[in-house]
Amino acid sequence: HLGLSPSSHALDLAASSLARLSAKVLTLLTKIADAVLKSLRKRKRACWAGGNSSTSLSRDTRAAEIHARIAPQPSSRRRRVAGASIMAKLVLALALAPAAAFAPTAAPRTTTQLHARQPIIAGNWKLNPSSIQEADGLAKGVASLLGDETCASSSAADCTEVVVFPPFPFISSVVDDLAGVGVGVGAQSIFHTAESGAYTGAVSASMVTSLGCQYVLCGHSERRTVFKDDDEAINKKVLKVIEDGMRPVLCIGETEEEYDAGLCADVCKLQLAKDLAGVSAAAMKDVVIAYEPVWAIGTGKVCPCDVAQTVHKTIRDYLAELYDRSTADAVRIQYGGSVTPESVDELMAQPDIDGCLVGGASLVAEKFARICNFVRK
């Protein structure tokens, strides 16, 4: 702990000056940060020894631990040294940053970008409903309530694409229920390793393609945590989905601990870099990104619209770094996390939010239809 308040005027001046320091001075600061880290580690060990680590660890230490946990595992001593240097700089940046740096800033509201990309609203049914009869009723109920503002996937930005993701046993029947009404159907996951063979319980990409699926969810937080899908597996799924002529909806997002530590952007960038490895710029036209803050999924907690917009812009800017600006501007980015009929209009008014991935509300036909028929501003 540096013993300074990140909200003080002195720290604001220090952060401003830091950006103008020369490479020589930055090297010196890195050495100082290394010393800070060593001190933090000693204090951390002392806290553990005293049985009170939960209250004694500083915000800097927690951020460093989270950053180390989400970073790729090093393969050599050189990479470990480089990783330590990066972590040291992160600690120094967190220590010197002004208070405003820890809170996302609001973005001006405009619908320019929305009109440049076709909106996409998707309903993830997860492990629901419990019978084929209920699934048919839900699908038909949604179809009957959609307005003229919805249409099938197209290049037109003046109508909304709608997709639902039912459980595997219901896909075929739901495809039939929605035939002719312009609502797409997707699978919640696929087995990426093989198309056939001795893989009990697996469902291949070719299987769901043959049923009429157009989309596949890849990397949803529940697949990452419950089913232990790591970024390597998610990347293989994304590539397999594209190879089989479908469109991946790549889900990314940070935990509440990572958000509180100011690592939201770092987590999202790391997931994008890993999960999109090998995906060409040309193939990105078929990729949808879904930003889902894990702490807001199914919890009832609301991510403010301006915060969601800030993260979406960060994602789009990073896609421009990975590819180019025109590719990034063409990618549709959804928001997911306790989306409701009450929150959808404001979310969809944000310039970089192109749609929503809806969970619980998609299981009620009236609620989901209202979200699909959001009011354009």
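The values are calculated or read from the model by the stated rules, or taken from the named source; none is laboratory data. Just so you know, these numbers come straight off a predicted model, no measurement behind them. Every residue, glycine as well, gets a Cβ built from its backbone with ideal geometry; the counts of neighbours run over all protein chains shown. Ligands, DNA and RNA are stripped out before the accessible areas are found, and what is left, the full protein with its side chains, is counted by its heavy atoms. Shrake-Rupley method; radii C 1.70, N 1.55, O 1.52, S 1.80 Å.
For this structure, a couple of remarks:
- Any hit, the stretch 255-267, residues being within 23 Å of ILE297 (Cβ to Cβ) and touching a Lys or Arg at 6+ places or on another chain (Cβ under 6 Å): yes
- Residue pairs meeting the criteria (Cβ under 6 Å; at least 6 apart or on separate chains; first farther than 20 Å from TYR335 by Cβ, in the stretch 221-241; second among the aliphatic types (A, V, I, L, M) and in a helix (DSSP H, G or I)): LYS240/ALA205
- Scope the stretch 256-278; condition open to solvent by 50 Å² or more (accessible area, probe 1.4 Å) and either out of contact with any Phe, Trp or Tyr (no Cβ under 8 Å at 6 or more places or on another chain) or closer than 22 Å to ARG316 by Cβ (or both); matching residues: GLU257, TYR259, ASP260, ASP266, LYS269, LYS274, GLY278
- Matching residues, the stretch 240-269, being outside any loop (DSSP other than H, G, I, E, B) and of a type in the set (Gly, Ala, Ser): ALA265
- Subset of the stretch 354-377 that is of a type in the set (A, V, I, L, M) and modelled with pLDDT of 95 or more - its residue that is surrounded by the most Cβ atoms within 10 Å (Cβ to Cβ): VAL358
- Scanning the stretch 140-151 for residues being closer than 23 Å to VAL216 by Cβ and either touching a residue at least 40 places away in the same chain (Cβ under 8 Å) or surrounded by fewer than 16 Cβ atoms within 10 Å (Cβ to Cβ) (or both) gives a total of 4.
- Filtered residues of the stretch 206-220 (kept if touching a strand residue (DSSP E or B) at 6+ places or on another chain (Cβ under 7 Å) and without any contact (Cβ under 8 Å) to a residue 60 or more places away in the chain): VAL208, GLY212, CYS213, VAL216, CYS218, GLY219
- The condition of being over 30 Å from LEU270 (Cα atoms) and either more than 18 Å from the chain's Cα centre (by Cα) or charged (D, E, K, R) (or both) holds for only one of GLY180, GLY186, that being GLY180.
- Residue tally, condition open to solvent by 10 Å² or more (accessible area, probe 1.4 Å) and part of a loop (DSSP other than H, G, I, E, B), over the stretch 293-303: 6
- Within the stretch 247-260, residues that are on the phi > 0 side of the Ramachandran plot have Cβ atoms under 9 Å from residues that are open to solvent by less than 10 Å² (accessible area, probe 1.4 Å) and in a strand (DSSP E or B) in these pairs: GLY253/ALA290; GLY253/TYR291; GLY253/GLY336, counting only partners at least 6 apart in sequence or on another chain.
- The helices (runs of 4 or more DSSP H) located wholly in the stretch 304-353 that include 1 or more residues which are within 16 Å of ALA157 (Cβ to Cβ) and open to solvent by 20 Å² or more (accessible area, probe 1.4 Å) occupy 325-330.
- Among the residues making up the stretch 153-174, those that are open to solvent by 10 Å² or more (accessible area, probe 1.4 Å) and either out of contact with any strand residue (DSSP E or B) (no Cβ under 7 Å at 6 or more places or on another chain) or under 27 Å from ASN235 (Cα atoms) (or both) are SER153, SER154, SER155, ALA156, ALA157, ASP158, PRO167, PHE168, PRO169, PHE170, SER172, SER173.
- The test for being in contact (Cβ under 8 Å) with a residue 12 or more places away in the chain and either of a type in the set (Asp, Glu) or in contact with a helix residue (DSSP H, G or I) (Cβ under 6 Å, 6 or more places away or on another chain) (or both) holds for LYS274.
- Given (1) open to solvent by 20 Å² or more (accessible area, probe 1.4 Å); (2) within 21 Å of ALA282 (Cβ to Cβ); (3) outside any loop (DSSP other than H, G, I, E, B), index of the condition LYS237 fails: (1)
- Just one residue in the set VAL344, VAL331 is within 21 Å of GLU254 (Cβ to Cβ) and not charged (D, E, K, R); that residue is VAL331.
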